[in-house]
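Colleague: One structure is given below, represented as structure tokens, and several questions about it will come after.
The values are calculated or read from the model by the stated rules, or taken from the named source; none is laboratory data. This one's a predicted model, so the numbers in the text were calculated from it and none came from an experiment. With ideal geometry, Cβ positions are generated from the backbone for all residues, glycine too; neighbour counts draw on all protein chains shown. These accessible areas exclude ligands, DNA and RNA; they are computed on the full protein's heavy atoms, side chains included. Shrake-Rupley method; radii C 1.70, N 1.55, O 1.52, S 1.80 Å.
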Number of protein chains: 4
Amino acid sequence: MSKGALSGMAQYTAPLRRFGASSIARLAVLAIGISAITAYTVPELRMSAGGWLTACLWCCLAYFAVECGVRVRAAIGDGGIRKYILSPSGFIDLIGVLAVPVALLSGIAPPTAWLFAALWILKLAQSSPAVAQIGRVFVLEAKPLASVFALFLIVLFLSSAAMHVIERDQQPGPFGSLPRALWWGVATLTTTGYGDAIPITHLGRLLSSFVMICGIATFGLWTGILATGFAAESRRRNFIQTWDLVSTVPFFQSLDPSAITEITHMLRRLEVPERTTIIRRGKAGDCMYFIAAGEVQVDVKPTPIRLGAGAFFGELALLRADSVRTANVTATTQSTLLMLDLADFRTLTAHHPDLKRAIDAEGQRRTAENTAVRDLHRLGGASPS
Amino acid sequence: MSKGALSGMAQYTAPLRRFGASSIARLAVLAIGISAITAYTVPELRMSAGGWLTACLWCCLAYFAVECGVRVRAAIGDGGIRKYILSPSGFIDLIGVLAVPVALLSGIAPPTAWLFAALWILKLAQSSPAVAQIGRVFVLEAKPLASVFALFLIVLFLSSAAMHVIERDQQPGPFGSLPRALWWGVATLTTTGYGDAIPITHLGRLLSSFVMICGIATFGLWTGILATGFAAESRRRNFIQTWDLVSTVPFFQSLDPSAITEITHMLRRLEVPERTTIIRRGKAGDCMYFIAAGEVQVDVKPTPIRLGAGAFFGELALLRADSVRTANVTATTQSTLLMLDLADFRTLTAHHPDLKRAIDAEGQRRTAENTAVRDLHRLGGASPS
Amino acid sequence: MSKGALSGMAQYTAPLRRFGASSIARLAVLAIGISAITAYTVPELRMSAGGWLTACLWCCLAYFAVECGVRVRAAIGDGGIRKYILSPSGFIDLIGVLAVPVALLSGIAPPTAWLFAALWILKLAQSSPAVAQIGRVFVLEAKPLASVFALFLIVLFLSSAAMHVIERDQQPGPFGSLPRALWWGVATLTTTGYGDAIPITHLGRLLSSFVMICGIATFGLWTGILATGFAAESRRRNFIQTWDLVSTVPFFQSLDPSAITEITHMLRRLEVPERTTIIRRGKAGDCMYFIAAGEVQVDVKPTPIRLGAGAFFGELALLRADSVRTANVTATTQSTLLMLDLADFRTLTAHHPDLKRAIDAEGQRRTAENTAVRDLHRLGGASPS
Amino acid sequence: MSKGALSGMAQYTAPLRRFGASSIARLAVLAIGISAITAYTVPELRMSAGGWLTACLWCCLAYFAVECGVRVRAAIGDGGIRKYILSPSGFIDLIGVLAVPVALLSGIAPPTAWLFAALWILKLAQSSPAVAQIGRVFVLEAKPLASVFALFLIVLFLSSAAMHVIERDQQPGPFGSLPRALWWGVATLTTTGYGDAIPITHLGRLLSSFVMICGIATFGLWTGILATGFAAESRRRNFIQTWDLVSTVPFFQSLDPSAITEITHMLRRLEVPERTTIIRRGKAGDCMYFIAAGEVQVDVKPTPIRLGAGAFFGELALLRADSVRTANVTATTQSTLLMLDLADFRTLTAHHPDLKRAIDAEGQRRTAENTAVRDLHRLGGASPS
């Protein structure tokens, strides 16, 4: 799957979100549909509750059809229905809607035709934010992955051919032909070990042991490549997601480009829905936040404070000796935050004393304010001074 | 499990340590309890030694009840019994104490009711220092992990549906319905390979081979993501643990913040119990230590030297050509040390010649002192000069 | 396999490419040959279609013989036929051609003799670009890998000996001798678990559990070593591949050597065949390209622009707020590109404001040009001004 | 196994190497001994060739006894026989020598007594250079590894208890008691899947699927931790091994400490035995070498040149456009080399233009010399000018 194709998925799910169908409702319908299909294939359940299951399946199909329709309309609005259909997301939508009706109309028996509803599971890929990221790792590391796969095939084929020669006289059943020996090979090399084809000669067992160890090596190489690729991709993705947001925070605008690059690598984007409590009073704090978009409410007594885009909060815990959060902070709207870890906060302020001073000043101002207000409160009245 | 919840675990185990119940005793009781439960489910053992086992289980339950009581009292002292109960640690304590009595009172037969004591194994999580760290990795890498899991589900469901179609006529037993085919799918995709459901058609075996290879890929991705996340988290955690301690060492106070950040990444915190021998004479040395808290004793002849918080030791081996430790060093109280590796020592002193000079001077002073004292000793008397 | 030997593979495949036999045709012949061999070992297929299969196999053999002949001639031209034969690639070629005829001439029955054609699968290694890279990782990490293997052998042998003692009286079949117990050991330690040798005593099961957990640890170590080695090798290989190309781009020539080193680590080499569309209009863009060799065509209206070696393109999307590609870009000949990622682009331009300014200027010039031309076009005529 | 204990292994193998017994001979004796033991446990072989096998075993035992004796004598010379016996290497030596005789004297039947010779396999750990390194990773990462193991135990125990409840009525055999259910649990959680205990209820299968997936997660975490730890340890070990050698190369002595630290991270130590060909003429070269100890011979015509400690070679290929090695280089004695990779060479010379200039000058001098000598040679005589 190409990188461009995968990033296209996110693009076409946006209209639906505007339509109001929440992701959770969608996943619920998907879960119901998949469960219904699974139940429908059990002969006993089909006998006893076939009608209900079919009804349930038709409902899910209708939901997906409406969803697909909404997206098609949105795609027309955007000017490219062909582009939508050819995108992976559009293809998944269409196949989910059309597969079962087409199968039913082709005269396939309903119990088999409804099996095409299993394709609905592909919709999970649409809801997974990191599928594109994983796809990109596979694309970028394609060469070494293909080479490991080639080595896998070489070991598989040569060992199966050897095993066929070694065991065919003793066990004509599982090793009598190369395809059968290959079946043994793949189950052994992936260390699955079904146990339906097991060598019994000494030479066969020695070869089998070698194949199992090669299987571990294959695992190891495969994982090593993916881990390397994923680490690079992860770092890159975080940078790109954070870069544009950093420029929205006035606090960073005094910095030179080189410092901004450094900070961008440190920050982590965080999307929080409305009414999420970001910081809980009394908990230990190990990060501070910058608001890239949205608004949060700091529950200080007597009047909560609201902070909008460009502001920062949560720095007090990093400056205090006991690292304890002093107030609840809640998102009042869906907000995009940039999280700065304690470790990175220390590194950043060490390299940029100006930032340190600015945060300290703001922190002291806030602490003083809190204390003053609280003192007033304790004295029995909130005087206007 | 949320990050905050996990860090809460460590918090509530502290009172108990003050109470004097050592972690080792606790683990011993846990091991006895778990063994007793395991033995109790074996009918023969229950017949022959049921009384003893039940007595043993009641003792363990009593121990955990006392432990829980101590913590509850401590929690009341801290002001938050509700907070304690809702914390994972409190929940584990309470469920460990209440599950079995409640089950017995509900009229469940004792052999079954005592099975709830298996929940005691959760106490292992309370004693594991890095559970919070591992939990954080899962939280931070949730998106890619969820996406890999979505891909896993997609392959699982589609391949099981296909296998159901392919094999249902040949093998109605293991592949006759989708739930049964899913059972094959999960055992194959995780490369477990029980061997109770094995495809026999050519197409089925080809599909099965594909599923096994997807299983390896899933492994690889999963591991790659966790390795990436764990490396970042590990580095971050070490920084946070070390940062506050670095400022307690006067030796580092002359450095600018940027250098302190650099050093913090190099140091490794080490908690040593009383009477631990940190350095053994004659061994090869590849690190030096700074004392953040506690006290150590250097066994030089004739009078051992005591070093307290802020001092450093073990630097001689790094300066000598043969890297050999010249004296035993033992912790006289529970101490917190900061370990500096040879490789990092070289890097640090290369970047900060002042530190190098200070350590060299101290090293020469100590060597001279040792030699002088030893010479005196050899001459037959320790003169006061 | 030594590093030099592996890099030799690529060297000897070059002449063939000059001969015109494309890699795809070669893989197709290989796939046909391997399939024919596999089918030939199935008695039923050999009975019914043996003639066709043999004919097919002879054709493949002839193809590989011609291929080998071409390479031998090229090797003579290069001056070293002995060098060619001793290289892995030459050895694979020769064994692929000679194994079957030699076996047939030695009087081995054809069904068995043709099995030597399974060696053709080795040709996959010749076509895999990263086999040398993987081989190098194994060479460089040989010591730790060998140590893990030693630990694997120690656990395997000691646990098998212990299991032999524990289970030999209960199960003389699978555990009656050390070789049989070793068969259990290897299937368990690699977590394959065939299920033909399973301990039934309590002690045996406990030991078996320990062996399985050691198996996971072995996996983990193995993978950890390979991941570490692969990350280093991957970085190194990318640098070497990119370094020489960077000097061909005039744009970078003003930089000092230290900056060029930095850039070389950021760029990624990309070989694109003729007529590949590198950039698609309307897609989101997250990288720019420098042309190291070859030529691309930018499809701007009304006259497409051609860019040759040394030029760059794709920078507009990185400078625009919406990151959208404004034109298709297609390679007109086979080209070598250097890809610069958005994240690295930001970092690079932050560190080198000159580059930023140069790219900005070029970007503005192009945008202005495009707009001007399009305006003219819209007005109805392309005036020469 | 503690770090110090492990590094002790290498220490005690040194005397033997002085004694002349090469590592290869030792491994051969070990292989013969282990094979003899394995064969000896097969009743048929013991019947037919028992005498020969016993003789062979006694010979191996004698060899190990002599070896152990040599080491004991060397240890006495070093002053610490107790230290030797308590070291892992000494313990392995002694147990290898004493286990079988003690067992025979205790009256155990010979076929069983000889099984203790399986302990000889431990000698593999003595010959493995990276066992200490791997041990250190386990020590340093002990906390997270223990936590993963705790999570493993929690999942194992709770799922086994649940499975016992779910399946005990249907399958009293494999799930009738908790120990039996634990056997299922460990085989499933490690994804071994023997297939002797398989859930048949729907709930049991669902739980089993969950356990398998937890097994993959455990794998992933374990590997992630080990990979992270191994990468850090590998880097650290390389630094320590290289540091002392760097100071022996005059070429680096003009550099400031910070640059030396940088270079130390780039160099890789390489031990080559006598008569090893390090560079082969005509191969592509991607690294240069510095001689830390020993001597190499460069096979230039007409008179080979010898280079001793402190010199460097192999730089020509890095400076030439075609990267081809121009002469064979062979070690004349056992030598210690420092390898500098092409990628690191570029980075290093970019940061330190002085080094670049020095290497260039030496390279040009050598090329000129070679050309001049060759020209003379071609003209028919080697005139003294």
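Colleague: To the nearest 100 Å², how much accessible surface do chains A and B cover up together, summed over both, with a 1.4 Å probe?
Modeller: Summing both chains' loss of accessible area gives about 4600 Å².
Colleague: Something else about it: What's the local net charge at A:Ser234, with K and R +1, D and E -1, over the other residues with C-beta under 12 Å away?
Modeller: Surrounding charge for A:Ser234 is +4.
Colleague: Right, something else. At a Förster distance of 51 Å, what's the computed FRET efficiency of C:Ala31 paired with D:Ala31, Cβ-Cβ distance as r, to 0.05?
Modeller: Between C:Ala31 and D:Ala31 the formula returns 0.80.
Colleague: I want the local charge near A:Gly195. Using Cβ-Cβ distances under 13 Å, sum +1 for each Lys or Arg and -1 for each Asp or Glu among the other residues.
Modeller: Value of the local net charge: -4.
Colleague: Could I ask something else about it? In the stretch B:101-239, what is the volume of the convex hull around the alpha carbon atoms, normalised per residue and reported in Å³?
Modeller: 159
Colleague: Keeping the other protein chains in place, figure out the carbon and sulfur percent of the accessible area of chain A, with a 1.4 Å probe.
Modeller: 63
Colleague: So, one more: Can you list the copy-to-copy distances for B:Pro273, using a point 7 angstrom from Cα toward Cβ, in nanometres, shortest first?
Modeller: Spelled out, the distances from B:Pro273's label point are 4.7, 4.8, 6.7 nm.
Colleague: Calculate how large, on average over all directions, the projected area of the Cα convex hull of the stretch C:51-127 is; give the answer in nm² to one decimal.
Modeller: 5.3
Colleague: Let me know the mean shielding of A:176-185 by other chains, meaning the per-residue number of their Cβ atoms within 10 Å of its Cβ.
Modeller: 5
Colleague: For the stretch D:213-258, restrict the atom set to alpha-carbon positions and state the Rg and Dmax in Å.
Modeller: My reading of the Cα-based Rg and Dmax gives 18.4, 57 Å.
Colleague: Run lengths n ≥ 4 of DSSP H only: what is the helix-derived mean residue ellipticity at 222 nm for chain D, with -39500 (n - 2.57) per run over all residues, to the nearest 500?
Modeller: Helix contribution divided over all residues of chain D: -21500 deg cm²/dmol.
Colleague: Any idea what Rg and Dmax come out to for the stretch C:309-367 if you just take the C-alpha atoms, in Å?
Modeller: Just the Cα atoms of the stretch C:309-367 yield Rg and Dmax of 12.1, 34 Å.
Colleague: List, largest first, the extents of the alpha carbons of the stretch D:173-283 along their principal axes, each in whole Å.
Modeller: The Cα atoms of the stretch D:173-283 stretch 75, 35, 26 Å along their principal axes.
Colleague: Then there's this: Can you spot the aspartates and glutamates whose alpha carbon is less than 14 Å from B:Lys283's alpha carbon? Ignore those fewer than 8 places along the same chain.
Modeller: The reachable aspartates and glutamates, counting only those whose Cα sits under 14 Å from B:Lys283, are B:Glu315, B:Asp322, D:Asp78.
Colleague: Same structure again: Work out the mean other chain Cβ neighbour count within 10 Å for the residues of A:146-156 and drop it here as an integer.
Modeller: Partner Cβ neighbours, averaged per residue: 6.
Colleague: Dimensions of the stretch C:235-385 along principal axes (Cα, Å, largest first)?
Modeller: For the stretch C:235-385, the Cα extents along the three principal axes come out at 54, 33, 27 Å.
Colleague: Using the Cα atoms as the points, what is the convex hull volume per residue of the protein assembly as shown in Å³?
Modeller: It is 264 Å³ per residue.
Colleague: Could you compute the FRET efficiency for B:His202 and C:Gln334, with r as their C-beta to C-beta distance and R0 at 51 Å, rounded to 0.05?
Modeller: Rounded to the nearest 0.05, the efficiency is 0.80.
Colleague: Counting only heavy atoms of protein chains, what accessible area per residue, in Å², does chain D have with a probe of 1.4 Å?
Modeller: Dividing the accessible area of chain D by its residue count gives 44 Å².
Colleague: Right, next: What does the copy distance list look like for C:Ala146, label position 7 Å along Cα→Cβ, in nm and ordered from shortest?
Modeller: 3.4, 3.4, 4.8
Colleague: If the label point is 7 Å along Cα→Cβ of D:Asp360, which residues in the stretch D:296-335 have backbone nitrogen under 20 Å from it?
Modeller: It comes to D:312-324, nothing else.
Colleague: Of the peptides A:208-220, D:57-69, how do they stack up when ordered by the mean number of other Cβ atoms within 10 Å, highest first?
Modeller: Order by mean packing, descending: A:208-220, D:57-69.
Colleague: Using a simple spin-label model with points 7 Å from Cα along the Cα→Cβ vector, what separation in nm is obtained for B:Phe251 and B:Val66?
Modeller: For the pair B:Phe251/B:Val66, the computed spacing is 4.4 nm.
Colleague: Shifting gears a bit: Pop out the Kirkwood hydrodynamic radius of chain C from its pairwise C-alpha distances, inverse of mean 1/r, in Å to one decimal.
Modeller: Taking the inverse mean of 1/r over all distinct Cα pairs, chain C comes out at 26.6 Å.
Colleague: Report the FRET efficiency, 1/(1 + (r/R0)^6), for B:Val324 and C:Gln170, where r is their Cβ-Cβ distance and R0 is 41 Å, rounded to 0.05.
Modeller: 0.15
Colleague: Just flag the GluC sites (Glu not before Pro) in the stretch A:232-333 sitting in loop per DSSP whose Cβ has no more than 16 other Cβ atoms within 10 Å.
Modeller: Hits after loop and neighbour filter: A:Glu274.
Colleague: Moving on. Need the per-residue list for the stretch D:188-203: every residue with at least 40 Å² less accessible surface in the complex of protein chains than in the chain by itself, probe 1.4 Å, sorted by number.
Modeller: By number: D:Thr190, D:Thr191, D:Thr192, D:Gly193, D:Tyr194, D:Ile198.
Colleague: Right, another one. Would you kindly work out, in nm and rounded to one decimal, the distances from the label point of B:Ser35 to those of the same position in each other copy, ordered shortest first, with label points 7 Å along Cα-to-Cβ?
Modeller: Inter-copy label distances (nm, one decimal, shortest first): 4.4, 4.4, 6.2.
Colleague: A follow-up question, please. Once you put a point 7 Å from the Cα of B:Glu44 and another 7 Å from the Cα of B:Phe138, both along the Cβ direction, what distance in nm separates them?
Modeller: 3.8
Colleague: Which of the residue pairs A:Lys143/D:Lys356; A:Lys123/B:Lys143; C:Lys143/D:Lys123; A:Lys356/B:Lys143; A:Lys143/C:Lys123 have a Cα-Cα distance greater than 23 Å in the structure shown?
Modeller: Those over the limit are A:Lys143/D:Lys356; A:Lys356/B:Lys143.
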